[in-house]
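Participant: I have a structure I would like to understand better, so I am pasting it below and will then ask my questions one at a time.
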Amino acid sequence: MLRIIAVVLIWFLGFNCQAQETITSKLYETYETYKEPTLNKRRIKYNQLQPLIQRFEANPKFEVQKVGESIEGRDLKLISIGSGDQNIFLWSQMHGDEPTATQSIFDILNFLDARDFKDEKQEILSKLKLHFLPMLNPDGAEVYQRRNALGIDINRDALRLQSPEGRTLKRIRDSLDAKFGFNLHDQSTYYNAELTDKPATISYLATAYNYEKDINEVRSNAMKVIVYMNNIIQNYAPGQVGRYSDDFEPRAFGDNIAKWGTSLILIESGGYRNDVEKQEIRKLNYVSILSALYTIAKESYVDIPIEDYEKIPRNDRKLFDLKLENVTYKLMGNDYILDLGIHRREVDLEGHQDFYYKSMIVDQGDLSTYYGYETFDASGYTIVPPNVFQGEPKNLGGILGALKQGIGYLSSNKISSNAFTSEPINQIQLGYQLPSFKLAVGQNPTFFLEKEGVITHAVINGFLLDLSQDLEHQNFGNGLMYR
């Protein structure tokens with residue numbers, strides 16, 4: 001009899017899991033229907049959100065209330081929906097330069113407002129009451145910086161509560177006594193899933209509430225939901241999920257919210273190949289969060305073994321934008337074999353709505369335990385320092401002709417006042433003195449690769465160009481201007 005009961009239970013759980021995975025696959029497939037079209041780049045601003053919030057204020061399905069203000073006087077609004085007796089609290093962008101989940105929140109709100117998926121939404125909204133606080137740090141978002149206008153990290157203000165944004169977050173958590181909290185962040189794109197070359201596109205954490213990292217019911221419930229989300233995301237980004245460090249930080253909101261009795265789920269949006277604006281990662285957040293809400297509403301997460309949480313690979317930080325392997329570098333008459341790790345760092349433009357790249361060599365030597373979004377095996381290739389050419393590139397056969405001759409810089413007295421150029425070559429003001437070329441950490445990576453006496457590749461501001469191919473269709477960000 002016990003065997004029969006066990007078989008039936010296993011069948012039921014398997015059937016239930018398959019049914020929920022079918023629903024989440026439909027969420028993924030229909031995502032574009034609900035994606036908020038006015039938010040399509042990372043550097044979103046407070047003013048962009050206001051028409052969207054006003055739309056929900058006018059919608060009787062939703063409750064919208066002002067719950068606080070930022071230091072610079074921007075309103076903090078809480079958007080609520082649902083009639084259930086379990087409060088779920090979700091907030092985003094407590095760091096101003098971490099906006100991916102803010103976009104996802106408005107995608108989710110659009111989904112909840114739509115007419116389809118009626119049964120699933122009824123399941124969620126009849127059991128749960130959802131509360132969204134998008135863009136907790138609008139002042140930081142305005143200038144695309146982590147910290148608020150006071151210059152502090154809101155996520156380290158859970159004890160002193162000096163920031164009005166932090167006080168608002170604490171007050172809402174306490175008033176709701178939320179069963180689950182979703183703390184939504186972005187992490188560095190250079191995190192990878194441990195021991196793999198795959199980026200940690202999404203990382204999860206059930207935050208610890210003490211130094212001993214004990215597991216009580218509150219924390220174990222968060223772990224179970226994370227296991228469920230991980231299983232879903234593996235269908236769309238296999239191997240690209242990491243587990244964020246659970247070291248206890250006594251000043252952090254996530255750790256304290258778990259301590260105060262809310263099952264805290266941290267979601268970190270990392271990197272994804274060829275997704276500069278993180279729009280695919282935004283989609284994964286949408287699917288991940290809605291899947292979590294569904295399993296919480298159905299309480300199907302309860303029987304998930306927490307041991308599976310530990311099977312999620314840890315976050316590691318061993319990714320470069322570009323990794324060159326086994327390249328030959330000549331120094332003082334000797335040949336050396338090096339690997340190079342290059343980061344393409346973003347520099348904000350005035351207004352903080354766009355950026356350009358200013359790349360840097362961040363490591364060199366034996367990087368055999370590191371990985372790259374783009375990796376090039378440079379065995380047999382030698383690094384060639386760049387030359388400067390004064391004049392028009394058309395005299396060299398265009399930009400491609402200049403690059404094939406080892407020209408990395410065009411010198412002119414007519415260069416623009418911009419900090420960068422869209423051309424795949426750097427430009428310098430006539431008379432500007434470049435430092436002598438040396439391969440070193442901290443230097444901008446502009447040089448050439450030569451094989452058997454022929455220059456075959458250019459590295460311009462950290463972007464690798466194959467000179468046997470048309471330049472227009474290669475992955476290139478920008479060159480730099482020097483004056």
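The values are calculated or read from the model by the stated rules, or taken from the named source; none is laboratory data. The model shown is predicted, which means the values in this text are computed figures rather than measured ones. Every residue, glycine as well, gets a Cβ built from its backbone with ideal geometry; the counts of neighbours run over all protein chains shown. What goes into the accessible areas is simple: the full protein's heavy atoms, side chains included, and nothing from ligands, DNA or RNA. Shrake-Rupley method; radii C 1.70, N 1.55, O 1.52, S 1.80 Å.
Participant: Read through the list (1) open to solvent by less than 60 Å² (accessible area, probe 1.4 Å); (2) modelled with pLDDT of 95 or more; (3) part of a loop (DSSP other than H, G, I, E, B), then give the number of the only condition that Ile415 fails.
Facilitator: Unmet condition: (2).
Participant: Another question about this same structure. So how many residues does the stretch 336-353 have that are part of a strand (DSSP E or B), open to solvent by 30 Å² or more (accessible area, probe 1.4 Å), free of Cβ contacts under 8 Å to residues at least 40 places away in the same chain and not aromatic (Phe, Trp, Tyr)?
Facilitator: The number of residues fulfilling the criteria is 3.
Participant: Kindly check whether there is at least one residue in the stretch 388-402 that is closer than 24 Å to Val441 by Cα, in contact (Cβ under 8 Å) with a residue 40 or more places away in the chain and buried (at least 20 other Cβ atoms within 10 Å of the Cβ).
Facilitator: no
Participant: Moving to a separate point now. Tell me which residues, restricted to the stretch 111-124, are crowded, with 19+ Cβ neighbours inside 10 Å and of a type in the set (D, E, K, R).
Facilitator: Passing the criteria: Glu120, Lys121.
Participant: When only residues in the stretch 418-430 that are out of contact with any Lys or Arg (no Cβ under 9 Å at 6 or more places or on another chain) and part of a loop (DSSP other than H, G, I, E, B) count, which is least open to solvent (accessible area, probe 1.4 Å)?
Facilitator: The residue in question is Ile425.
Participant: I would also like to ask the following. Have a look at Phe437, Phe476 and point out the one that is outside any strand (DSSP E or B) and open to solvent by 50 Å² or more (accessible area, probe 1.4 Å).
Facilitator: Exactly one residue qualifies, and that residue is Phe437.
Participant: Taking Ile312 as meeting all but one of (1) closer than 16 Å to Ser379 by Cβ; (2) of a type in the set (A, V, I, L, M, F, W, C); (3) open to solvent by less than 100 Å² (accessible area, probe 1.4 Å), write down the number of the exception.
Facilitator: (1)
Participant: Between a first residue in the stretch 195-223 that is among the basic types (Lys, Arg) and a second residue that is open to solvent by less than 20 Å² (accessible area, probe 1.4 Å) and part of a loop (DSSP other than H, G, I, E, B), which pairs have beta carbons less than 9 Å apart while being 6 or more apart in sequence or on different chains?
Facilitator: Going by the 9 Å Cβ cut-off, the qualifying pairs are Lys198/Ala237; Arg219/Thr207; Arg219/Ala208.
Participant: I would also like to ask the following. Pairs under 7 Å by beta carbon, first residue more than 12 Å from Asn87 (Cβ to Cβ) in the stretch 164-191, partner in a loop (DSSP other than H, G, I, E, B) and among the acidic types (Asp, Glu), six or more apart or different chains?
Facilitator: Qualifying pairs under 7 Å: Gly166/Asp157; His185/Glu98; Asp186/Glu98.
Participant: Further question: Among Tyr373, Tyr294, Tyr356, Tyr286, which is the only one that is open to solvent by 20 Å² or more (accessible area, probe 1.4 Å), under 29 Å from Gly181 (Cβ atoms) and either part of a strand (DSSP E or B) or touching a residue at least 40 places away in the same chain (Cβ under 8 Å) (or both)?
Facilitator: None of the other options fit; the residue is Tyr294.
Participant: Within the stretch 125-141, track down each residue that is surrounded by 24 or more Cβ atoms within 10 Å (Cβ to Cβ) and part of a helix (DSSP H, G or I).
Facilitator: Within the stretch 125-141, Pro138, Gly140, Ala141 meet the criteria.
Participant: May I ask you to verify whether Val362 is within 19 Å of Asp316 (Cβ to Cβ) and open to solvent by less than 50 Å² (accessible area, probe 1.4 Å)?
Facilitator: yes
Participant: A further question on this structure: Collect the residues in the stretch 80-96 that are within 17 Å of Asn110 (Cα to Cα) and in a loop (DSSP other than H, G, I, E, B), keeping them in residue-number order.
Facilitator: Within the stretch 80-96, just Gly82 meets the criteria.
Participant: Somewhere in the stretch 314-332, is a residue more than 16 Å from the chain's Cα centre (by Cα), of a type outside the set (Ser, Thr, Tyr) and over 30 Å from Thr369 (Cα atoms)?
Facilitator: No - not one qualifying residue is present in the stretch 314-332.
Participant: Taking the condition without any contact (Cβ under 8 Å) to a residue 60 or more places away in the chain and open to solvent by 40 Å² or more (accessible area, probe 1.4 Å), does Lys451 pass?
Facilitator: no
Participant: Looking only at residues in the stretch 212-268 that are in a strand (DSSP E or B) and aliphatic (A, V, I, L, M), which one is surrounded by the most Cβ atoms within 10 Å (Cβ to Cβ)?
Facilitator: Restricting attention to the stretch 212-268, the residues satisfying the condition of being in a strand (DSSP E or B) are 241-243, 263-268.
Cutting the leftovers down to aliphatic (A, V, I, L, M) gives us 241, 264-267.
Details: Val241: 26, Leu264: 30, Ile265: 27, Leu266: 23, Ile267: 27.
Among residues in the stretch 212-268 that are in a strand (DSSP E or B) and aliphatic (A, V, I, L, M), the one surrounded by the most Cβ atoms within 10 Å (Cβ to Cβ) is Leu264.
Participant: Specify the residue that is least open to solvent (accessible area, probe 1.4 Å); the eligible residues are those in the stretch 142-175 that are aliphatic (A, V, I, L, M) and not in a helix (DSSP H, G or I).
Facilitator: Looking at the filtered set, the residue picked out is Ala158.
Participant: Looking at the stretch 1-65, what helices (runs of 4 or more DSSP H) fall wholly within it and have at least 3 residues that are open to solvent by 70 Å² or more (accessible area, probe 1.4 Å) and either of a type in the set (Lys, Arg) or at pLDDT 95 or above (or both)?
Facilitator: Details: elements: 2-29, 31-34, 46-57.
Counting at least 3 such residues, we get 2-29, 46-57.
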